[in-house]
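Report on one structure; see the data block that follows.
The values are calculated or read from the model by the stated rules, or taken from the named source; none is laboratory data. Computed from a predicted model, the values in this text were never measured in an experiment. Neighbour counts are summed over all protein chains in view; Cβ atoms, including those assigned to glycine, are modelled from backbone coordinates with ideal geometry. Remember, those area values only see protein heavy atoms, side chains included, never the ligands or the DNA or RNA. Shrake-Rupley method; radii C 1.70, N 1.55, O 1.52, S 1.80 Å.
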Amino acid sequence: MARQLDSVCLALGLLAVWPASHAGAVELPVRKAGLWEMKVVQTGSPVPEMTMQQCTDATTDKDMSTSFSPMAKDVCSKNDTQKTATGYVTDSVCGSGGMSVKSRAEITGDFNSAYTVKSTSNTTGAPAGVPRDSTTTIEAKWLGACKADQKPGDIIMPGGMKINLKDMEKLKGLLPKQPGK
């Protein structure tokens with residue numbers, strides 16, 4: 001159960017950080033303020049497709065990057081972002097709890113109306129049942145202004161559960177540190 005919580009927290013954190021700026025050589029553009037719908041499709045997952053919404057603004061995107069950068073430094077030995085002719089590419093190697101995940105993501109779009117993240121990853125040291133290789137696609141589109149009951153950082157999960165990413169800062173201390181760090 002704790003491992004699943006770690007995975008969920010890390011996944012939500014990474015979703016928040018994808019469109020924000022990275023601490024690497026290149027910074028990704030900040031998303032347009034408002035409500036974004038993110039459709040996540042992952043091969044080999046018990047939940048192969050999930051759609052959520054996130055309310056954001058420029059400050060929240062930047063804060064999330066700043067907040068999760070120290071966590072990424074603790075769990076990632078590599079986290080590089082490069083500009084390409086069609087968008088951006090990120091390469092990372094991250095580990096936690098004896099697991100290591102090597103991933104590459106291609107990011108395209110304008111960050112004002114839509115963007116897409118296509119990621120492939122290879123996992124080693126995972127418990128039985130966790131796929132070794134996976135692909136994830138995040139298709140994000142801007143829906144307009146946030147709803148009246150939403151504030152920047154709110155993510156509305158399938159089923160209506162609301163989580164605020166700013167609260168995730170409190171949870172990052174739960175992730176185990178890399179050996180030797």
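Does Gly95 qualify as being buried (at least 16 other Cβ atoms within 10 Å of the Cβ) and farther than 19 Å from Met50 by Cβ?
Values: buried (at least 16 other Cβ atoms within 10 Å of the Cβ): yes; farther than 19 Å from Met50 by Cβ: yes.
So Gly95 fits the description; yes.
Are there any pairs with C-beta distances below 6 angstrom linking a residue in the stretch 105-130 that is over 20 Å from Val40 (Cβ atoms) to a residue that is surrounded by 14 or more Cβ atoms within 10 Å (Cβ to Cβ) and of a type outside the set (A, V, I, L, M, F, W, C), with the two at least 6 apart or on different chains, and if so which?
Asn112/Lys32; Thr124/Ser100; Gly125/Ser100
Go through the stretch 80-129 residue by residue and tally those that are small (Gly, Ala, Ser) and closer than 16 Å to Val30 by Cα.
Here is the first cut: in the stretch 80-129, the ones small (Gly, Ala, Ser) are 85, 87, 92, 95-98, 100, 103, 105, 109, 113-114, 119, 121, 125-126, 128-129.
Still in the list and also closer than 16 Å to Val30 by Cα: 87, 109, 113-114.
Result for the stretch 80-129: 4.
Give the residue that is farthest from Ala85 (Cα to Cα), with candidates limited to residues of the stretch 28-52 that are open to solvent by 50 Å² or more (accessible area, probe 1.4 Å) and modelled with pLDDT under 80.
Checked the stretch 28-52; the qualifying residue farthest from Ala85 (Cα to Cα) is Pro46.
Of everything in the stretch 98-109, what is surrounded by fewer than 15 Cβ atoms within 10 Å (Cβ to Cβ) and modelled with pLDDT under 90? Give them in sequence order.
Answer for the stretch 98-109, where residues must be surrounded by fewer than 15 Cβ atoms within 10 Å (Cβ to Cβ) and modelled with pLDDT under 90: just Gly98.
So, in the stretch 110-152, exactly how many residues are open to solvent by 40 Å² or more (accessible area, probe 1.4 Å), in a strand (DSSP E or B) and in contact with a Leu (Cβ under 8 Å, 6 or more places away or on another chain)?
Of the residues in that region, 2 qualify.
Give me the residue from the stretch 85-104 that is touching a residue at least 12 places away in the same chain (Cβ under 8 Å) and among the aliphatic types (A, V, I, L, M) and, out of that set, nearest to Gln42 (Cα to Cα).
Ranking the qualifying residues of the stretch 85-104, first place goes to Val101.
So which of Ala126, Ala140, Ala148 is over 21 Å from Pro48 (Cβ atoms) and of a type in the set (Gly, Ala, Ser)?
On the way: Ala126 fails: over 21 Å from Pro48 (Cβ atoms); Ala140 fails: over 21 Å from Pro48 (Cβ atoms).
Going through Ala126, Ala140, Ala148 in turn, the sole match is Ala148.
Which ones in the stretch 60-90 are closer than 15 Å to Pro152 by Cβ, open to solvent by 70 Å² or more (accessible area, probe 1.4 Å) and either among the hydroxyl-bearing types (Ser, Thr, Tyr) or at pLDDT 85 or above (or both)?
Thr66
Mind listing whichever residues of the stretch 153-169 are in contact with a Cys (Cβ under 9 Å, 6 or more places away or on another chain) and either assigned to a loop (DSSP other than H, G, I, E, B) or open to solvent by 80 Å² or more (accessible area, probe 1.4 Å) (or both)?
Gly153
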